[in-house]
Amino acid sequence: MLIALGGLPGSGKSTLARALARESGAVWLRIDSIEQALRESGVCAADLGPAGYLAAAAVVSDNLAPGRTVIADAVNPLPVTREMWRGAAQRAGVRLLEVEIVCSDIAEHRRRVETRVSGVPGLVLPDWEAVLARDYAPWPGAVRIDTAAPGGVAASLARLRALAGL
């Protein structure tokens, strides 16, 4: 199965992806790690364009082929990025679970963005203004999980686990 997570920075994607991967043994593919490695290589310009997503899609396909469950953790802001995951799942003949992670409490979302520490060495996290200015299209068809809902992250993780059947 491929679990494609998307949502604005600070919404809780990586927190949920890390926890679900730890519990289930799924492969956690974090776009932030891939993009930071590309930046550090010096091969790519500061603006990576689609390079990180294309690299991620290749690694996802490699891991789906032998039957692993993969969690793709990325903002997935546009239909083109979401279509990449659909194509990877279709080519591998696996189920795709599209999940949009949101934090509906604006004050809490801002607090998360302004206080979080990067788990990726060297990664410069966006500030609140950059998060608000991000080009992010609606994601029709995705299941929405609100990490600000009652029960917070624990309830969100339980819902994600149930949706994935893990």
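Among the residues of segment 17-61, write down those that are under 20 Å from residue 99 (Cβ atoms) and exposed (fewer than 15 other Cβ atoms within 10 Å of the Cβ).
Scanning segment 17-61 gives 22, 23, 25.
Being small (Gly, Ala, Ser), free of Cβ contacts under 8 Å to residues at least 12 places away in the same chain and under 19 Å from residue 134 (Cβ atoms) is the requirement here; does residue 49 meet it? Break it down stepwise before answering.
Details: small (Gly, Ala, Ser): yes; free of Cβ contacts under 8 Å to residues at least 12 places away in the same chain: yes; under 19 Å from residue 134 (Cβ atoms): yes.
Considered against the rule, which asks whether it is small (Gly, Ala, Ser), free of Cβ contacts under 8 Å to residues at least 12 places away in the same chain and under 19 Å from residue 134 (Cβ atoms), residue 49 comes out as yes.
Among what's in segment 125-159 and is free of Cβ contacts under 8 Å to residues at least 60 places away in the same chain, assigned to a loop (DSSP other than H, G, I, E, B) and among the hydrophobic types (A, V, I, L, M, F, W, C), pick the residue that is nearest to residue 9 (Cα to Cα).
The extreme case among them is 148.
With within 26 Å of residue 146 (Cα to Cα), out of contact with any Gly (no Cβ under 6 Å at 6 or more places or on another chain) and among the charged types (D, E, K, R) as the only criterion, which of 112, 91, 68, 82 stands out?
On inspection, the qualifying residue turns out to be 82.
What are the residues in segment 90-105 that are closer than 19 Å to residue 139 by Cα and in contact (Cβ under 8 Å) with a residue 60 or more places away in the chain, if any?
95, 96, 97, 98, 99, 100, 101, 102, 103
Within segment 104-119, track down each residue that is modelled with pLDDT under 95 and either buried (at least 16 other Cβ atoms within 10 Å of the Cβ) or among the charged types (D, E, K, R) (or both).
Hit for segment 104-119 is 116, nothing else.
Mind checking which residues of segment 69-122 are in contact with a helix residue (DSSP H, G or I) (Cβ under 9 Å, 6 or more places away or on another chain) and among the basic types (Lys, Arg)?
Correct list: 91, 95, 110.
Which numbered condition trips up residue 53, out of (1) under 21 Å from residue 140 (Cα atoms); (2) touching a Leu at 6+ places or on another chain (Cβ under 7 Å); (3) of a type outside the set (D, E, K, R)?
For residue 53, the failing item is (2).
For residue 122, all conditions in the list (1) among the small types (Gly, Ala, Ser); (2) farther than 17 Å from residue 15 by Cα; (3) surrounded by 11 or more Cβ atoms within 10 Å (Cβ to Cβ); (4) modelled with pLDDT under 95 hold save one; what is the number of the exception?
(3)
What's the number of the condition residue 3 fails, among (1) surrounded by 19 or more Cβ atoms within 10 Å (Cβ to Cβ); (2) free of Cβ contacts under 8 Å to residues at least 60 places away in the same chain; (3) not polar (S, T, N, Q); (4) not in a helix (DSSP H, G or I)?
(2)
The values are calculated or read from the model by the stated rules, or taken from the named source; none is laboratory data. Remember, it's a predicted structure, so these values are computed and weren't measured experimentally. Every residue, glycine among them, receives a Cβ derived from its backbone with ideal geometry; neighbour counts consider all protein chains shown.
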